[in-house]
Amino acid sequence: TANLDLQDNDKILVGTGDDLEIYHDGTNSVIDNNTGELQLTTSGSGTSIILQSASDVLLKVQNGESGINAYSNGAVELYHDNSKKLETSAAGVTVTGTLNATTAVTQNGNSLATNGKAIAMALIFG
């Protein structure tokens, strides 16, 4: 088999303007797309995209803000504008802010409420 052996900070450059870079900086492995979108696509019978990590998976958005954090053997957090809005735990789910149910609120398949005021009462008084 043939190997491409690059040292730390040596880059694989792709595109007319070297728009895509793949490299290892001595600590981290980096795929850096400098123009357009970076698309991961699949086709055919094995169409899943799997991100697998030995630790956490963190999805960052503009300016490094948190988007989705999935912690190893722990919580999953969803953020809006870098503010945590939903978090899972061993006890269940915590929602920060307003929970807007557009149709109904159910518990174990049993309807608790089906409209705005009734939903609020069901959440407050059970």
> Counting only residues that are in a strand (DSSP E or B) and acidic (D, E), how many does segment 51-90 have?
Replying inline: 3
> Hey, Y23 hits all of (1) under 30 Å from D81 (Cβ atoms); (2) outside any loop (DSSP other than H, G, I, E, B) but one; which does it fall short on?
Replying inline: (1)
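Looking at T41, T94, T103, which is the one that is at pLDDT below 85 and open to solvent by 70 Å² or more (accessible area, probe 1.4 Å)? Full working, then the answer.
Details: T41 fails: at pLDDT below 85; T94 fails: at pLDDT below 85.
T103 is the lone residue from the list that is at pLDDT below 85 and open to solvent by 70 Å² or more (accessible area, probe 1.4 Å).
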> Which residues, taken from segment 44-72, are open to solvent by less than 60 Å² (accessible area, probe 1.4 Å) and closer than 16 Å to K85 by Cβ?
Replying inline: E65, S66, G67, N69, A70
>> Show the residue pairs meeting these rules: Cβ distance below 8 Å; 6+ apart or different chains; first residue within segment 73-84 and within 12 Å of L59 (Cα to Cα); second residue open to solvent by less than 60 Å² (accessible area, probe 1.4 Å) and hydroxyl-bearing (S, T, Y).
In response: V76/T88; E77/S66; E77/T88; Y79/S66; N82/S66
> Which of the following residues is in contact (Cβ under 8 Å) with a residue 12 or more places away in the chain, of a type in the set (D, E) and over 25 Å from A70 (Cα atoms): D32, D19?
Replying inline: D19
>> Just checking, does segment 79-90 include any residue being exposed (fewer than 10 other Cβ atoms within 10 Å of the Cβ), closer than 30 Å to I12 by Cβ and either modelled with pLDDT of 95 or more or of a type in the set (A, V, I, L, M, F, W, C) (or both)?
In response: no
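The values are calculated or read from the model by the stated rules, or taken from the named source; none is laboratory data. Quantities reported herein were computed from a predicted structural model and do not represent experimental measurements. Because the Cβ atoms are built from the backbone with ideal geometry, glycine has one as well, and the counts that use them run over all protein chains shown. Note: accessible area is taken over every heavy atom of the protein model, side chains too, but ligands, DNA and RNA are not part of it. Shrake-Rupley method; radii C 1.70, N 1.55, O 1.52, S 1.80 Å.
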